[in-house]
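Structure first, then comments.
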Amino acid sequence: MGSSPSKRAEPLEAFTIENDLFKSLQALSKEEPFSKLVEGHQYTLEFLQDLKAVVESTKDIPEIGKWRKEINRLQQKASPQRVVVGVLGSTGAGKSSLINALLDEEDILPTNCMRACTATITEVSYNASNDPNEMYRAEVEFITAGEWAKELDVLLDDIHTGQSIFGPEAFGNESDAGIAYQKVKAVYPALKGDDIKKGRFSVDTLIKEESVDHLLGSVKTVAGTSSDEFVKLLRTFVDSKKKGRGQPREMEAPEFWPLIKVVRLFARSDILRNGLVLVDLPGVQDSNAARSAIASKYIQHCSNIWVVAPINRAVDDLAASKLLSDAFTRQLRFDGAYSAVAVICSKTDDISETELLRELPDDSEARRHHDQLRVMRAKIDECSKKLKPVKTRISQITQEITLCETRIRGLRDALLAADQRHDSMVVLEVPQISRKRPARAAADEARKRVWKQQQDQGSELSDLTNDDEPLFKKGQPTTEEISRDAATQRVQNLEEQVSKLKEEKSSLEGTKTPLEADVDSMNKVSDLLKHQRRGACIQYRNDYAKPEIQKQFAERIRDMEQEDAAYDDEHDPDRTQRDKYRKLAQSLPVFCVSSNAYHKLTGRLQEDESLHGFTKTEETQIPALKEHALSIVAQTEGARYRQLSRDLRRFVIDLHLRIVIGGQPYKLAEDLRMVEEDFLTVAINELQQSFDSIIEEHFNNFEDALYSNIFRKLPSACDIASESAVTTLQRWFSPAREKGFHYGTFRAACVREGVWKNKDGPFDLNNDLSKPFEASLSYGWDRISSTKHFECMADSLSMKTRAFRNSIAQRDVLRMLPVFQSVMRVLEQEEDKIGDVMELDKRFSDGQKVASRTIESTIKEAMLPAYRACREEKGPGCYERMKGLMRTHMEKEADSMFRAAAEKVEETFRTSLDNCKDKISGKCRGVITTLGREFKRVLWEEHRIKVSAASKEAISNLLATGDRRFDEIWHGSPSTPDAEVMERESSVEHNDGFDLAQGDDLTAAPADRDAASSDDYYGAEFRVQDTQDLLVKSEEYEEESDEEYDEE
């Protein structure tokens, strides 16, 4: 390999170029806060659009096609990617309310409007529409006619089977036959009940019914300007209506919820803005195969899975653990997705404080609040006892004052009447006291006191205080005549009495007021303590539930892995397994949330009563769950945003160098060109050979790992599964008391191709058969999943590319060319492409998921003939015949069935491996092609780009604007453009063109050349004045180049 002489002996290390332009974009491409990445990404979209417009407007750029293509690629790469989070949970677990809370919406997700028997999948993603009429939007996708026909057959079989076993009692709301009847009746309300139960109709006729024919296989769009309007429109499709009494059958409208395959909601929620997609997944055991398949596919592509269970059942009844069935947990293991699970305990506001307080330790915060509350209640009772007689006496005094004042008015009226009659006697009405109104005892008592005071001079009525005698006996007079003086005296006495009563009342009021204030104050403290006690009870239960669920999760995985180990003789339990399960438990995210409390604290659910125990939204843990959701997006999308920042930075720097520096004319002497061309040809060929060797070596090692961990074990896995199939059949057909299948359950599973779910739980015959096969491979599968297959290969490829780049950097002739920095930037870009293994990891991981799922799908396909044959069996003795059919099929097909599954697994792995190999080989070939093309352009002066001053200014201004904007995003404040750097870059264009001739003293002025090579990317000055002896000016070449440009 030829090379020019050099006096420097530099170590082989990465050749780096320091630069200032777009330095903040470089910072954004590193591990930094996701919020800045998002802001930078949003501006990236704007910047790319502006850049595209400027590039397309500069018609004089020869490479406009290539740059437009690169901008389009970056724009496509910048488009939001879906980060799917599956939300699993049984009916009533609170999934819909949870998702509504995360969206900060009260009720856009259907809640309590669909019957429990439906399994509609609901996907929620960001609404990018700016149309005010589509602020809320949904797409309702319906099953096809074929899918509905297939489900109708299943439903009719459920109805027939239910009646044959239970008779008329088969149609309870929770029974299989009852659910099937409700579905058919909901879609076809005009059908008579007896016709449905006896199957007196044609499936083909029902499918062609006008009311459903236009929906089957279609997608209906619903949109609204407000959530209320939108939900009202959406309910016309998903609502399960209740029929009103007396409503004619012909007036009943059909319901469409049984026909829905998936509902896709689009909402303008901040949590969805960066690509998060929430999917409400009722489960994969659905009577409709289409919905079941979609649910399975969603789970396969989920970045995370949230298991939702009410907190009052999450621990005691292990509701969350039931959702994490053996099959589901094993699938997590095969997918390497233990870390992708989170458990959400919902409805934390639903709590019985009385029950919990019995179990709380004495030193708990809730117990302390409870004890304080008991003390406070005792004080309130004590104070209330003091207050009661005071308030009673004040009430009596008030009534006595009223009576006295009434009597005073009566006396004065009587005196006035006597004056008008000129009579010396005053006639008074005697007040009556009723003994028939116990509730007015205080008033009667007041009257007696007043009357007694009026008769204190020996009146015959002085015995008023005798409660045992009526005030007047029958026949006694009800009026009294007294003298004027006596009447006047009585007025005076009563006024004095009123004055004394008011003084007493005032004194008592002085006693009552502070007592009432104390009671009010203590009641407020009591309310606060009750609020704090409830909050402490909720928190105590949350704190208890989280580690308990984490422990159960780890134990479930441990039990499953230990069970699987029994099928693998080579499995050697590692001593570090205990630490593994401990770490699994600690790493499981558990959130204890209250959606209703969050809604109340944020001003929604106005018609509902207040929920005590929560004072701020953070206590509901909904904000924490939002942060967790965003962290999932950050983990997935963050890597993509950073890669996009790196790609954009490389592109704009290359663009800048090509426009600013690449415009300088130069001419390389023929002899030097030949030397450098020979060197580059040899170096690129050697790089190609190194790439091929590294790829071949690593993929051979990878294939060896697959063989030793999986392929080699497939034959034994087939044998184990075949032998276990006999035991599995025996368990299926054992008596019900030994957990065998009832006839109805087994038939329902056969009708649904081996999968059925009812109130007793999910049943999956295919998984029962595949379990031993999967268990035999699980340990080796673990080892393949946990190995970073491509990182070592990428490091080796990057090292070879870096060595090539360093060898180029030491070529003095090439380094002196104006376009050298641009070519080195291309080299860096190609090195980054090779080192990025994220795509390869995902490609192989996806293939691994497909491989694991082919096992059960292959077994299901092989079992279909048996399921169909069993379905056809009816009448007396049919269950025994079904058992015989299943045993016969298993004896004939078991070996071939599991061998087919093994072949599918190996084939899928090899296909995935070949795809990855083709991908990285294609990348490497692309690198070699790019290097050959770029260096050819350098050596033959094809790298030179001449543009008009206007085009150059437009691109330079946009790049400078973009640089400042990214700097503002990074630093949070406007930055001053680096005028010196820009001026230094622009000054390069004033250098004259030059020739390099072989034999010139390339070792001259090494210090200056070292300085030039270490200049930053944009400040790399070509110090012509210090290397004048190396340069031969070529005015003729410059004039010739100008003429060529004018012709263009």
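The values are calculated or read from the model by the stated rules, or taken from the named source; none is laboratory data. Quantities reported herein were computed from a predicted structural model and do not represent experimental measurements. Counting neighbours? That spans all protein chains shown, and the Cβs are built from the backbone with ideal geometry, glycine included. The protein model used for the area step is the full one, side chains on, heavy atoms only, and it has no ligands, DNA or RNA in it. Shrake-Rupley method; radii C 1.70, N 1.55, O 1.52, S 1.80 Å.
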| field | Dipole of the stretch 829-903 [Lys/Arg +1, Asp/Glu -1 at C-beta], most positive-end residue of Ala900, Leu840, Thr888 | value | Thr888
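Using 1/(1 + (r/R0)^6) with R0 = 22 angstrom and r between the beta carbons of Glu56 and Ala949, what's the FRET efficiency to the nearest 0.05?
Numbers: r = 18 Å, r/R0 = 0.84.
According to the calculation, E is roughly 0.75.
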| remark: Ranking Asp176, Asp647 from most to least accessible area with a 1.4 Å probe gives Asp176, Asp647
| How many nm separate the modelled label positions at Thr354 and Lys391, each set 7 Å beyond the Cα in the direction of the Cβ? | 2.6
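Summarise the accessible area of the stretch 806-894 (1.4 Å probe, protein heavy atoms) by the percent that is carbon and sulfur.
That share works out to 51 percent.
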| So for the pair Asp419, Glu139, with labels modelled 7 Å out along Cα→Cβ, what separation do we get in nm? | 9.7
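Using mean Cβ contacts within 10 Å as the protection proxy, how do 82-95, 868-881, 365-378 order, highest first? Each step should come with its number before you reach the end.
Details: 82-95: 21.1, 868-881: 13.8, 365-378: 15.6.
Ranked by mean Cβ neighbours within 10 Å, highest first: 82-95, 365-378, 868-881.
What's the extension gain from Lys739 to His531 if we count 0.36 nm per residue and subtract their Cα-Cα distance? Write out the running numbers ahead of the final one.
On the way: separation 208, 0.36 × 208 = 74.88 nm, distance 4.71 nm.
Full extension from Lys739 to His531 adds 70.2 nm.
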| Taking the highest mean first, how do the peptides 716-727, 341-352 order by number of other beta carbon atoms within 10 angstrom per residue? | 341-352, 716-727
| Nonlocal Lys pairs with alpha-carbon distance under 17 Å, the stretch 769-874 (8 or more apart, or different chains) | 6
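Can you check what the net charge comes to around Cys592, using other residues whose Cβ is under 14 Å from the Cβ of Cys592 (Lys, Arg +1; Asp, Glu -1)?
Charge balance near Cys592 sits at -2.
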| request: Enumerate the residues in the stretch 37-51 having an amide nitrogen under 14 Å from the point lying 7 Å beyond the Cα of Gln75 toward its Cβ. | output: 44-51
| request: Output the pairs from Lys220/Lys600; Lys36/Lys77; Lys150/Lys757 with a Cα-Cα distance over 22 Å in this structure; if there are none, say none. | output: Lys220/Lys600
| field | Stretch gain in nm, segment Lys874-Asp543, where the contour uses 0.36 nm per residue and the Cα spacing is subtracted | value | 113.7 nm
| Projected onto the charge dipole of the stretch 740-813 (+1 at Lys/Arg Cβ, -1 at Asp/Glu Cβ, origin at the Cα centre), which of Ser798, Phe746, Phe773 gives the Cα projection farthest towards the positive end? | Ser798
| request: Determine the dipole magnitude for the stretch 688-782: charges of +1 sit on the beta-carbon of Lys and Arg, -1 on that of Asp and Glu, nothing else is charged, the reference point is the Cα centre, and the result goes in debye to the nearest 20. | output: 960
| message | Can you compute the label reach from Glu703? Point 7 Å from Cα along the Cβ direction, backbone N cut-off under 20 Å, restricted to the stretch 890-927. | response | 902-925
| field | Sites Ala565 and Ser506 - FRET efficiency at Förster radius 56 Å, r taken between beta-carbons, to 0.05 | value | 0.05
| Fully extended, how many nm does the chain gain between His214 and Asp832 (0.36 nm per residue separation, minus their Cα-Cα distance)? | 217.2 nm
| message | Taking 35 Å as R0, compute the FRET efficiency from the Cβ-Cβ separation of Thr205 and Arg712 and round it to 0.05. | response | 0.05
| Inter-probe distance in nm under a simple model that places probes 7 Å from Cα toward Cβ, at Arg409 and Glu968 | 7.9
